[in-house]
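The values are calculated or read from the model by the stated rules, or taken from the named source; none is laboratory data. Fair warning: this is a prediction, and the values are worked out from it, not measured in the lab. Note that each Cβ is placed from the backbone with ideal geometry, even for glycine, and that neighbours are counted across all protein chains shown. All accessible areas refer to the heavy atoms of the entire protein, side chains included, with ligands and DNA or RNA removed. Shrake-Rupley method; radii C 1.70, N 1.55, O 1.52, S 1.80 Å.
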Amino acid sequence: MSKFDAIRPFYDTEVNDAIQNVVHHPMMKALMNFTFPDLPDEIWKEQLLRTHSTRDFQCNFIYKSLQQVLEKKSDGLTTTGFEKLEKNTAYMFISNHRDILLDTSLLNACLFEHKLVMTASAIGDNLVKKSFLRTLARLNRNFLVQRGLSPREMLQSSKLLSEYISKLLQHENRSVWIAQREGRTKDGNDATNPGVLKMLSMASDEENLMDYFKKIKIVPVSISYEYDPTDALKMPQLLAEAKQEIYIKEKNEDFINLMSGVMGQKKRIHIHVGDVLENELDLIKSEFDNSNKQIQALAQVIDESILRNYKLWPTNYIAFDILNKTNSHQHLYTENEKSLFERRLEMRIDHNDPLALQSFLAMYANPVVNKLKFENAI
């Protein structure tokens with residue numbers, strides 16, 4: 001028994017048993033029929049049952065599923081920055097968070113293609129309540145972040161998580177992916193929650209936190225989707241927050257969001273991996289003695305990297321112009337792109353509800369606002 005058993009992915013020695021438990025599950029059949037549309041069930045089942053490691057499962061099945069998602073549900077993925085990463089090196093990837101499954105899965109597909117160390121990735125245990133999903137997540141090298149805990153339990157859970165992440169990075173040479181905040185960005189404002197960095201810092205074995213963060217090689221990641229397939233699904237929560245009401249999730253809401261993100265149309269997708277944070281950490285160390293101030297400054301550095309490298313799409317500029325009743329960005333999109341976006345707006349939002357209209361447009365427009373703020377601040 002390991003103290004990490006409640007949160008860790010499967011060991012390779014457990015992979016085949018886990019596959020045997022889910023190989024006949026209807027959701028596995030749906031996933032494999034989507035991934036291998038021309039393959040009889042007996043063939044993929046046979047291949048699955050011959051799988052004995054996480055890497056084989058990821059490369060032979062999940063990677064192929066992602067290729068189908070990109071082919072059928074997007075207009076392709078572009079990337080920048082991966083050539084700067086070194087092979088056989090573990091990195092602590094901290095990214096903005098737009099899609100429950102795809103953010104980390106697409107990053108791993110890119111790492112695989114560039115022959116770099118793939119990640120163990122954080123996922124909220126609220127997202128994998130169904131036993132099949134939990135098994136699939138653990139097969140795909142996800143570790144669990146426990147949600148809905150009391151403050152005391154939260155502290156213990158954070159310490160355990162921090163230790164586990166440190167063990168992966170420093171002793172197993174395994175890269176790690178974690179979102180910059182709990183939950184996906186609903187309103188288009190990407191911002192790092194200092195609490196995430198505080199959690200990571202709990203395992204520090206250095207006198208100065210910045211030395212520890214330097215050791216674990218933090219790499220900010222910016223991911224952007226031209227269309228968010230879950231944009232309309234995010235509206236009830238955004239509207240409740242705008243009205244200062246408490247939002248209570250519907251039963252199965254997380255699962256519906258998860259599936260819609262994967263199967264909905266995304267158009268173009270871009271991932272940029274930033275530089276490993278080094279000089280920035282030295283500067284923070286020389287400027288601040290207080291660890292809380294250091295963490296605040298680090299959150300700002302990560303935000304700056306994510307915003308600077310976030311790829312804006314025509315949909316972002318169109319939403320900004322409609323929301324602000326301006327044509328200031330019309331040179332960055334075509335009339336056809338604008339009419340497609342307006343059609344989506346028409347189909348997804350009640351135009352008699354000005355708050356809903358404003359919230360939907362802001363979701364797409366805020367990345368432009370944030371980038372302009374950042375560029376004007378330089």
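Annotations for the structure displayed:
Results for (1) free of Cβ contacts under 8 Å to residues at least 40 places away in the same chain; (2) out of contact with any His (no Cβ under 8 Å at 6 or more places or on another chain); (3) within 30 Å of residue 212 (Cβ to Cβ), shown as yes or no for each residue.
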position	(1), (2), (3)
3	no, yes, yes
21	no, yes, no
29	yes, yes, no
46	yes, yes, no
51	yes, yes, no
76	no, yes, no
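- Lone qualifier among 150, 175 - being surrounded by 17 or more Cβ atoms within 10 Å (Cβ to Cβ) and not aliphatic (A, V, I, L, M): 175
- Qualifying residue in the range 56-63 (condition: closer than 22 Å to residue 116 by Cα, surrounded by fewer than 19 Cβ atoms within 10 Å (Cβ to Cβ), at pLDDT 95 or above and within 19 Å of the chain's Cα centre (by Cα)): yes
- Flag: residue 303 matches the condition of being charged (D, E, K, R) and either open to solvent by less than 20 Å² (accessible area, probe 1.4 Å) or within 23 Å of the chain's Cα centre (by Cα) (or both).
- The range 115-141: number of residues that are of a type in the set (Gly, Ala, Ser), under 18 Å from residue 56 (Cβ atoms) and part of a helix (DSSP H, G or I): 1
- Count of the range 142-177 residues which are part of a helix (DSSP H, G or I) and either of a type in the set (D, E, K, R) or without any contact (Cβ under 8 Å) to a residue 24 or more places away in the chain (or both): 11
- The one condition in (1) modelled with pLDDT under 95; (2) touching a strand residue (DSSP E or B) at 6+ places or on another chain (Cβ under 6 Å) that residue 222 fails to fulfil: (1)
- A search for C-beta distances below 7 Å between a residue of the range 291-304 that is over 10 Å from residue 213 (Cβ atoms) and in contact (Cβ under 8 Å) with a residue 60 or more places away in the chain and any residue that is of a type in the set (S, T, N, Q) and buried (at least 17 other Cβ atoms within 10 Å of the Cβ), counting only pairs 6+ apart in sequence or on different chains, returns 299/192; 302/180; 302/192; 303/192.
- Some residue of the range 323-332 being open to solvent by less than 20 Å² (accessible area, probe 1.4 Å) and farther than 16 Å from residue 220 by Cβ: no
- Once the range 34-52 is narrowed to residues that are of a type outside the set (A, V, I, L, M, F, W, C) and open to solvent by less than 20 Å² (accessible area, probe 1.4 Å), the residue that is modelled with the highest pLDDT is 51.
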